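Here is the structure we will look at, set down as structure tokens.
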Amino acid sequence: MRAMRNVMKGRGAGLVLAVAVALPATVGPAFALPAAPAAPVAPSAGPGADGPGATLLPPLPVRLGEGNPCTGASDRTAAGTAWSQTALGLSRAQRISRGGGVTVAVVDSGVASGVPSLSGRVEAVGGADEDCLGHGTFAAGLIAAAPEKGSGITGVAPQAEILALSGTDDRGVPSPARVAAGIRTAADRGAQVIYVGQALRTGK
């Protein structure tokens, strides 16, 4: 949260903050995101919903088993606002800043190329422009998706630049070496915020 607050206030210069978390399954970007085909976008009736227009987005896998196909793109678009956007007060925060001039590194499963909501704002290092799992693309959308016609959802900082780096293999399995290399590269390239989307085992 502190990392995102720095993006919104435009105070990211010189800040390198690694955040190791798994994304909640009910929050997502403005585009038709990669999602499990059996879990379409549906209205949210839970206690977190902020009204009849609130949208519950489908979950994403955090790992792909051997031989499983890549996560497919959803054929649904969330027309309503996700409850989390209201809870975070994004509409008010974005009056102060929309993240312009800030680079957010996404160290995850990659960020798929050709996502309209991120068009022209993603630089991928190595093979990080491919995302079989879908998790990194989902994260990038949460962070920086621009508004799209027909969708009520936008990213936290919809003018931020995304630096995509691989912290996992193509099955979504992270390793300390991959994550460390991603963080190091992000810092070397001047990213003001570094998001790490995978938790690592301690080995104990």
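The values are calculated or read from the model by the stated rules, or taken from the named source; none is laboratory data. Quick caveat, the model's predicted, so the values are computed rather than measured. Glycine also receives a Cβ, built like all others from the backbone with ideal geometry; neighbour counts cover every protein chain displayed. Note: areas computed on protein heavy atoms with side chains; ligands, DNA, RNA excluded. Shrake-Rupley method; radii C 1.70, N 1.55, O 1.52, S 1.80 Å.
Structural remarks
- The one condition from (1) under 19 Å from Val62 (Cα atoms); (2) of a type in the set (Gly, Ala, Ser); (3) in contact with an Asp or Glu (Cβ under 9 Å, 6 or more places away or on another chain) that Gly134 does not meet is (3).
- Hey, Val107 at pLDDT 80 or above and in a strand (DSSP E or B) or not: yes
- Selection of the range 113-134 for residues being open to solvent by 10 Å² or more (accessible area, probe 1.4 Å) and part of a helix (DSSP H, G or I) yields only Pro116.
- Only a single item in (1) open to solvent by 10 Å² or more (accessible area, probe 1.4 Å); (2) closer than 25 Å to Leu64 by Cα is not met by Thr103, and it is number (2).
- Gly110, sole failed condition from (1) open to solvent by 30 Å² or more (accessible area, probe 1.4 Å); (2) closer than 26 Å to Gly72 by Cβ; (3) touching a strand residue (DSSP E or B) at 6+ places or on another chain (Cβ under 9 Å): (1)
- From the options Leu118, Leu88, Leu60, residue that is closer than 24 Å to Gly150 by Cβ and in contact with a His (Cβ under 7 Å, 6 or more places away or on another chain): Leu60
- Qualifying positions in the range 144-157 - at pLDDT 90 or above and either open to solvent by 10 Å² or more (accessible area, probe 1.4 Å) or assigned to a loop (DSSP other than H, G, I, E, B) (or both): Ala145, Ala146, Gly155, Val156, Ala157
- Condition met for Asp170 (assigned to a loop (DSSP other than H, G, I, E, B) and more than 29 Å from Leu88 (Cα to Cα)): yes
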